[in-house]
Amino acid sequence: MPELPEVEITARLLDGALRGAQITSALAPGINALKTFDPPLSALEGRTIAGVRRRGKNLIVDIGAAQDALALLIHLMSAGRLQLYGKRAGPRDRTSRLLVRVLAGDGEEAELRLREFGSKQAAWVKLLRVEELERDEAIAKLGPEAWPDPPELGEVLDVARPLHTLLRDQRTIAGIGRSWADEILWAAKLSPFKRGNDLDDGERDRLREAIVQTLDGAIAHYEDAVGLPIPDKLPMPLRVHRHEGEPCPRCGTTLEAVHFEDYVIAYCPSCQTDGRTLKDRRLSKLLK
Ligand SMILES: [Zn+2]
């Protein structure tokens, strides 16, 4: 489930390896993944990679310079990975969605590979002219970056929506998803269901601090633990998310969870909800 820290470490490692590399060919075995047709993928041949960066949960590979620059805009969705290999993918590798073959600075061949695990094909790629990039809806609708310098939260969160929903809304603040929202709210000792406009000044400061510290900590962890080609499964340093039923790392209370159709919110009743256990919506649905 790649979110800001996972996409950030991917961008950093790929940028270090691919800046200045020359593209020799590009193809999209996952026909559903490529969402654009003009310019064609063949426009990448012979071009130089200028860098790889992150915006929200999107990866951007900048190609070429000046007016005729192009950009690959990539969203990994829930099960995609962007990885760099020294060898070409086998023709029967069913995880391949996009393959960009390059000659790296040292003249070595390498393959930048967008792969996707599981049965869903949700990860996508767009090849855009540089002037189209900022106008693309995936970028144009993004809110301010959650890291390294999130906005003052007073205005951003001044709505009657639950904090967990607000933090995951990319138009409110960009980069946070289900995993890191749990970790951030636990760090800030705030209920996932508290409304954004119910926060007092102290709580807003605590939340902003928790966003910075939590994401900083995750990225620092990946800097130590992750290298190329970038593993299929990143060692996510989660303490609360997916840890329901285990003791809270801060106070020892059993972590609880609320199950939704396609995700789970985990929290500590002592640290976050004044000891209250929130209604498990999966159970209440079944009992109806
Ligand atoms: Zn606790």
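Would you mind working out the magnitude of the charge dipole of the chain relative to its Cα centre, with +1 at each Lys and Arg C-beta and -1 at each Asp and Glu C-beta, to the nearest 20 Debye?
On the way: 42 positive and 44 negative charges, 240 e Å.
That gives the chain a dipole magnitude of about 1160 debye.
Between Ser42 and Cys251, the distance separating the two model label sites (each 7 Å from Cα on the Cα→Cβ line) works out to 6.4 nm.
Can you pull the percent of region 1-123's accessible area that's carbon plus sulfur, 1.4 Å probe, other chains left in place?
Carbon with sulfur: 51 percent of the solvent-accessible area.
Between Asp158 and Val264, the contour length at 0.36 nm per residue exceeds the Cα-Cα span by 35.7 nm. Measure nothing but the geometry: give the 0 to 90° angle between the long axis through the Cα atoms of 178-187 and the longest principal axis through the Cα atoms of the chain, rounded to 10°. On a 0 to 90 degree scale, this one is about 40. For the chain, adding -39500 (n - 2.57) for each run of n ≥ 4 DSSP H residues and dividing by the number of residues yields -7500 deg cm²/dmol at 222 nm. What the Cβ-Cβ distance of Arg88 and Asp274 gives, at R0 = 35 Å and to the nearest 0.05, is a FRET efficiency of 0.05.
Here region 208-269 has 47 percent of its accessible surface on carbon and sulfur atoms, given a 1.4 Å probe and all protein chains in place.
Going from most exposed to least, what order do Asp62, Asp224, Asp68 have by accessible area with a 1.4 Å probe? Spell out each step's value before the answer.
Details: Asp62 30, Asp224 140, Asp68 95 Å².
Most to least solvent-accessible, the answer reads Asp224, Asp68, Asp62.
All alpha carbon pair distances within the chain were sorted into 5 Å bins beginning at 0; the resulting P(r) in whole percents reads 1, 5, 11, 15, 16, 15, 12, 9, 7, 5, 3, 1, 0.
D for region 157-229, whole µm²/s, Stokes-Einstein with Kirkwood Rh over alpha-carbon pairs at 37 °C and 0.692 mPa s: what number? Approximately 257 µm²/s, per Stokes-Einstein. Rolling a 1.4 Å probe over the protein heavy atoms gives the chain an accessible area of 48 Å² per residue.
Looking at the P(r) of region 130-288, how many percent of alpha-carbon pairs lie beyond 20 Å? Here the long-distance tail beyond 20 Å is 55 percent of all Cα pairs in region 130-288. Helix 201-225 against the longest principal axis of the chain: what's the angle in degrees, Cα atoms only, rounded to the nearest 10? Compared with the principal axis, the helix lies near 40 degrees. For Lys57, the lysines whose Cα comes closer than 23 Å to its Cα, not counting residues fewer than 8 places off in the same chain, are Lys35, Lys120, Lys126, Lys141, Lys233. Within the accessible surface of region 135-177, defined with a 1.4 Å probe on protein heavy atoms only, the carbon and sulfur portion equals 48 percent.
The values are calculated or read from the model by the stated rules, or taken from the named source; none is laboratory data. What you see is a predicted model; the values in this text were computed from it and never measured. Methodologically, a virtual Cβ is constructed for each residue, glycine included, from the backbone with ideal geometry; neighbour enumeration extends over all protein chains shown. Quick note on the areas: whole protein, heavy atoms, side chains included, nothing else; ligands and nucleic acids left out. Shrake-Rupley method; radii C 1.70, N 1.55, O 1.52, S 1.80 Å.
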